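Below is one structure; the comments refer to it alone.
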Amino acid sequence: MSDYILAKQNGRTIPLEDKIFGISNRAKKMIAEKGADSVINATIGSLLDDEGKLVVLSSVVDVVKSLEPVDFADYAPIGGIAPFREAVKKAAFGSFKPKTFTEAVATPGGTGSIRNTIVNYSKPGDQILTSDWHWAPYNTIAGEVGRSVAVYEMFDEKGGFNAAGFAEKAEELIAAQGSLVIILNTPAHNPTGYSLTLEDWDNVIAAIKKAAAGAESIILLVDVAYIDFAGDEEEYRRFLPKLEDVPENVLPIIAYSLSKTYTLYGTRCGATICMAKTREIADEFRRVCEFSSRGSWSNSAKMAQVILSKIYSDPQLLAKVDEERSKYREMLIRRGRAFEEEAKKAGLEIVPFDAGFFVSIPCENPDEISKKLEAEGLFIVPLAKGLRVSVASVSEAACRKIPAMVKKAME
Ligand SMILES: Cc1ncc(COP(=O)(O)O)c(C=O)c1O
């Protein structure tokens, strides 16, 4: 009898193994057999140092050590503790002060924000719009709640953001569904490392304003999971004021995550933050998001909420955390630049890259190429349209080696 018979009869045909974890497990096996020097594991989505150890900000660890039992053992209110709800808006917006009605509701990571936005602002059977290159769990999250993902081509023939393709697909879905949830993951997009320029943003907003005229509602979910690893924090928040220039039936929502910014991946903390044109829309947002939380994970964990509240109540501590992160960000940016340089030398085409944890390589037969590379000790992730390399998880020296290896495997 199949292991899956009881769930399968309900249509739950889930793959035996998560693709990325499967590759990572094979990398670990090879390390155990042949030693760490023979293997490059560029599959992992967290920031590792050059020795392959998880980077954890020591300034954040100090805050963890100062916590009282009640800070981590107690329930938090469903929407999050009050100081967190204020602190997380400051963390997301930086020095920008929105004129809109903003409400923040705690979620378990950015994932929770994506889930609650889809559940509350689309109908069962609807399609959610994102780019062809995208973080695969968007499909899982949408699928789990009876929605699916539709895509537009992210880049045009000049290698820029394909605003025309975006506009066309948005109009098409609005004509079919009446309303639309759009996910834009920027800056430092996963998996390409692309950041929308301010001009790209002008084009996106113009398209949304036009589409909104014939729509019941448009939700623009900006997934900023990598915002603090893209480059200067303020520079990469300059798009935020543009989100205010939309009509009342367009609701911008920020999916904010503490996973990368505070190296708190496992504490499962983030927030969903709205930028509403009216008090009523903001109040409704808070109500529906809290209701969905209650019906899925209930309260979010309290610990990281307290940590962020403490960081934002102490300007010196905040400066220390920001400074420590900036050193690691520089390390990550150096790795990305090294990869780009070597790709150019090797004649390896990569998808337009700005910054972030990943670089992508377009190719026709990603599964075949990655299999070949595994045999040589290089572990990367095959996607639908190419290969994803995590520069976050390997040293600069490895970033200099990988492009030529991939190029050779493609010949
Ligand atoms: C594009 C993108 N969005 C959102 C997330 C959410 O992460 P978390 O739920 O850990 O905050 C991730 C994490 O890898 C991501 O890559």
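The values are calculated or read from the model by the stated rules, or taken from the named source; none is laboratory data. Predicted model only: the values in this text are computed from it and were never measured. With ideal geometry, Cβ positions are generated from the backbone for all residues, glycine too; neighbour counts draw on all protein chains shown. These accessible areas exclude ligands, DNA and RNA; they are computed on the full protein's heavy atoms, side chains included. Shrake-Rupley method; radii C 1.70, N 1.55, O 1.52, S 1.80 Å.
Some observations on this one:
- On the stretch given as segment 319-334, residues that are of a type in the set (A, V, I, L, M, F, W, C) and loosely packed, with under 15 Cβ neighbours inside 10 Å total 1.
- Every condition in (1) open to solvent by less than 10 Å² (accessible area, probe 1.4 Å); (2) within 13 Å of the ligand (Cβ to nearest atom) is met by Trp135 except one, and the failing one is (1).
- Scanning segment 241-299 for residues that are on the phi > 0 side of the Ramachandran plot and surrounded by fewer than 17 Cβ atoms within 10 Å (Cβ to Cβ) gives a single hit, Ser298.
- Taking the criterion of being more than 8 Å from the ligand (Cβ to nearest atom) and open to solvent by 10 Å² or more (accessible area, probe 1.4 Å), the residues of segment 109-121 that qualify are Arg115, Val119, Asn120, Tyr121.
- Any hit, segment 79-97, residues being away from the ligand (no atom under 13 Å from the Cβ), closer than 19 Å to Arg287 by Cβ, aliphatic (A, V, I, L, M) and free of Cβ contacts under 8 Å to residues at least 60 places away in the same chain: yes
- Qualifying residue in segment 140-148 (condition: surrounded by fewer than 20 Cβ atoms within 10 Å (Cβ to Cβ), of a type in the set (A, V, I, L, M) and at pLDDT 95 or above): yes
- Residues of segment 52-70 include none that is in contact (Cβ under 8 Å) with a residue 60 or more places away in the chain and of a type in the set (Asp, Glu).
- Of all residue pairs spaced 6 or more apart or on separate chains, those with beta-carbon atoms under 8 Å, a first member in segment 216-245 that is farther than 27 Å from Leu47 by Cβ and a second member that is among the hydroxyl-bearing types (Ser, Thr, Tyr) and in a helix (DSSP H, G or I) are Ser217/Tyr121; Ile219/Thr117; Ile219/Tyr121.
- Checking Glu324 against (1) assigned to a helix (DSSP H, G or I); (2) free of Cβ contacts under 8 Å to residues at least 40 places away in the same chain, the condition it does not meet: (2)
- Some residue of segment 349-357 being more than 16 Å from the ligand (Cβ to nearest atom) and modelled with pLDDT of 95 or more: yes
- Which numbered condition Arg337 fails, given (1) part of a loop (DSSP other than H, G, I, E, B); (2) open to solvent by 30 Å² or more (accessible area, probe 1.4 Å); (3) not small (Gly, Ala, Ser): (1)
- Filter result (among the small types (Gly, Ala, Ser) and without any contact (Cβ under 8 Å) to a residue 40 or more places away in the chain) within segment 132-163: Ala142, Gly143, Gly146, Ser148, Ala150
- Among the residues of segment 98-108, those that are within 16 Å of the ligand (Cβ to nearest atom) and over 16 Å from the mean Cα position of the chain (by Cα) comprise Ala104, Val105, Ala106.
- Residues of segment 1-51 classified as within 16 Å of the ligand (Cβ to nearest atom) and in contact (Cβ under 8 Å) with a residue 24 or more places away in the chain, total: 11
- Looking only at segment 299-315, and only at residues there that are in contact (Cβ under 8 Å) with a residue 60 or more places away in the chain and in a loop (DSSP other than H, G, I, E, B), the one that is farthest from Gly112 (Cα to Cα): Ser313
- Test: residue in segment 88-98 that is within 30 Å of Ala319 (Cβ to Cβ) and hydroxyl-bearing (Ser, Thr, Tyr): yes
- Within segment 304-317, the set of residues being surrounded by fewer than 18 Cβ atoms within 10 Å (Cβ to Cβ) and aliphatic (A, V, I, L, M) comprises Leu317 only.
- A single entry from Ala206, Ala225 fulfils the requirement of being open to solvent by 30 Å² or more (accessible area, probe 1.4 Å) and either under 22 Å from the mean Cα position of the chain (by Cα) or not basic (Lys, Arg) (or both): Ala206.
- Check on Val149, more than 18 Å from Ser309 (Cβ to Cβ) and within 15 Å of the ligand (Cβ to nearest atom): yes
- The lone exception for Phe357 - which of (1) touching an Asp or Glu at 6+ places or on another chain (Cβ under 9 Å); (2) buried (at least 19 other Cβ atoms within 10 Å of the Cβ) it fails: (1)
- Residue in segment 387-407 that is within 18 Å of Asn25 (Cβ to Cβ), open to solvent by 10 Å² or more (accessible area, probe 1.4 Å) and assigned to a strand (DSSP E or B) present: yes
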